[in-house]
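The values are calculated or read from the model by the stated rules, or taken from the named source; none is laboratory data. Treat the numbers as computed from the prediction; the structure is a model and nothing was measured. Note that each Cβ is placed from the backbone with ideal geometry, even for glycine, and that neighbours are counted across all protein chains shown.
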Amino acid sequence: MRSTDPGRVGRPHVVIIGAGFGGINAARRLRDADVSVTVIDRGTSHLFQPLLYQCATGALSEGSISTPIRHLLRRQRNAEVYCAEATGIDPVARTVTVTRMDSSVAEVGYDYLVVAAGMRTSYHGNEHLMDHAIGMKTLDDALAIRRKIFAAFEVAETLSDPEARKPWLTFAVAGGGPTGVELAGQIRELATLALEREFRSIDPAEARVLLFHGADRVLPSFSETLSARARETLDAIGVETHLGVHVTDVTAEAVQTTDKATGTVTTYPARTTLWTTGVEAVPFAGALATALGVDQARGGTIPVGDDLSVDGHPEIFVVGDMSSHRGLPGVAEVAMQGGRHAGAVIAGLVAGGADRPGFRYRDLGSAAYIARRHALLEAGRVRLSGRMGWLAWGAIHIAFLAGVRNRAGTVLVWATSLMTDTRRERAITYGDPQTARKSF
Ligand SMILES: Cc1cc2nc3c(=O)[nH]c(=O)nc-3n(C[C@H](O)[C@H](O)[C@H](O)COP(=O)(O)OP(=O)(O)OC[C@H]3O[C@@H](n4cnc5c(N)ncnc54)[C@H](O)[C@@H]3O)c2cc1C
């Protein structure tokens, strides 16, 4: 048996990489099992990604959408937290190589391994786009987007030439999936409601929000009817949606699109471009695939068997977004159920059982926020939009936020913003003052 804690020697050691939806649920499922659990994460907080866009647009604070991992697991006596980035694995020695925050390296042994390290933004091989088109996957991304958006309004306010202001007041969003639609809608709401009376030279409501999407309708994962409703709402709040186009270049001053059908190239002067069009597995997936001798599937994900373990490695499970299992989508519910399933299989094996039941995903539906009082909810035959969808969306997101404090705080902030049309989470930090201006 391997353990990082001498007090726990003798019990099988379960190492979980990633404290997102999959990892936390795997750890919790092992609460009563006779194992010691080590949750390794490169960060200190469990992040509620579905509300990242609200943090990016000043509606919620970073603290409202994240919870310290240690706090989440504080009552789970058999679990410890190890803050480090997993960088390699030796499946023969059964060790994971980790790099701590001070760049020092260590090895952590395991008897069972659950990998739930998620995805990162993909630029589809056009890595140069990363310099000017911020993705939307981490807290750093959300804070960088917040900085970019509010800085753009501030710069525009100081320019006397109306033509010079326009690119600063043009916000481009690449990708018409839920994240792109939510971001586009929020920027328009920010411009037309929250900032309405705060500027003297510019009218923030003049801000153009351009939404570019390659398919022929936004939110293609929803039914055609709901997708059409979303489009109507976007039109009504003033988002300019361009379908059938790909964003093919982004610079500090402009975004370029190419029409898929005609090949027509169009350039829009825009100082802010946000990128929501793709994800790929985090680099650890590559190290894992090489070490285990498996081919990565779509987006660099790791193929798993019925019980979510990797073929030929019954002690290694991959769950959540990084796992490729029967085409299941990269959504929170798949990760949560997958994490619980891996935890249950391990608990059963440790208790002396031999069963390795297959993972059965229960689809609870999906939801997307479009604008104030407009959201979509699709669950089986239930299809809601407008105000009903919005209420359902709000209830679901509150229910899934980690921690009573975050739930209560978010309800309060949302209620206040609704009544007063304000957004108060607009603080910008620069990290390194020497390079701060470059990020504009
Ligand atoms: C902007 C946005 C909006 C979304 N909206 C919705 C929604 O409305 N509904 C929905 O169902 N889903 C939504 N999703 C998808 C959902 O958030 C993911 O499906 C879910 O987070 C996947 O969980 P996971 O545990 O696989 O990975 P994650 O939640 O991404 O967690 C991965 C964890 O692994 C850690 N990690 C990564 N690499 C390493 C490493 N090498 N070593 C150690 N730790 C590492 C990370 O720090 C992170 O904590 C959204 C995602 C985004 C980005």
Subset of the range 354-370 that is touching a residue at least 40 places away in the same chain (Cβ under 8 Å) and within 13 Å of the ligand (Cβ to nearest atom) - its residue that is nearest to Asp111 (Cα to Cα): Ser366
Looking at the structure I just gave you, is Ala402 at pLDDT below 85, touching a strand residue (DSSP E or B) at 6+ places or on another chain (Cβ under 7 Å) and more than 18 Å from Gly58 (Cα to Cα)? yes
Is it the case that some residue within the range 306-325 is closer than 25 Å to Leu211 by Cα, part of a strand (DSSP E or B) and either touching a helix residue (DSSP H, G or I) at 6+ places or on another chain (Cβ under 7 Å) or not assigned by TED's automatic domain parsing to the domain that holds His213 (or both)? no
Among residues belonging to the range 300-315 that are within 15 Å of the ligand (Cβ to nearest atom) and farther than 17 Å from Val279 by Cα, point out the one that is surrounded by the most Cβ atoms within 10 Å (Cβ to Cβ). Val304
Within 16 Å of the ligand (Cβ to nearest atom), part of a strand (DSSP E or B) and touching a strand residue (DSSP E or B) at 6+ places or on another chain (Cβ under 7 Å): is that true of Ile24 in this structure? no
Yes/no for Ala19 being assigned to a helix (DSSP H, G or I), of a type outside the set (Lys, Arg) and surrounded by 24 or more Cβ atoms within 10 Å (Cβ to Cβ): no
Cβ-Cβ under 9 Å pairs, at least 6 apart or on other chains, the range 164-180 side assigned by TED's automatic domain parsing to the domain that holds Thr241 and assigned to a loop (DSSP other than H, G, I, E, B), far side within 16 Å of the ligand (Cβ to nearest atom) and hydroxyl-bearing (Ser, Thr, Tyr): Gly175/Thr276; Gly175/Thr277; Gly176/Thr276; Gly176/Thr277; Gly177/Ser221; Gly177/Thr276; Gly177/Thr277
Filter result for the condition that a residue is surrounded by fewer than 16 Cβ atoms within 10 Å (Cβ to Cβ) and within 10 Å of the ligand (Cβ to nearest atom), over Thr99, Thr158, Thr121: Thr99
The strands (runs of 3 or more DSSP E) lying entirely within the range 43-105 that contain at least 2 residues which are more than 29 Å from Ala408 (Cα to Cα) and out of contact with any His (no Cβ under 8 Å at 6 or more places or on another chain) are 79-90, 95-100
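Conditions tested, residue by residue: (1) over 11 Å from Ala402 (Cα atoms); (2) within 9 Å of the ligand (Cβ to nearest atom); (3) surrounded by fewer than 18 Cβ atoms within 10 Å (Cβ to Cβ).
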| site | (1), (2), (3) |
| --- | --- |
| Gln49 | yes, yes, no |
| Leu52 | yes, yes, no |
| Cys55 | yes, no, no |
| Gly58 | yes, no, no |
| Ser66 | no, no, no |
| Ile69 | no, yes, no |
| Leu73 | yes, no, no |
| Ala79 | yes, no, no |
| Ala86 | yes, yes, no |
Does any residue of the range 338-353 turn out to be touching a residue at least 40 places away in the same chain (Cβ under 8 Å) and within 25 Å of Thr57 (Cβ to Cβ)? no
I'd like the full set of residues that are within 20 Å of Ala254 (Cβ to Cβ) and of a type in the set (Asp, Glu), limited to the range 155-200. Asp161, Glu163
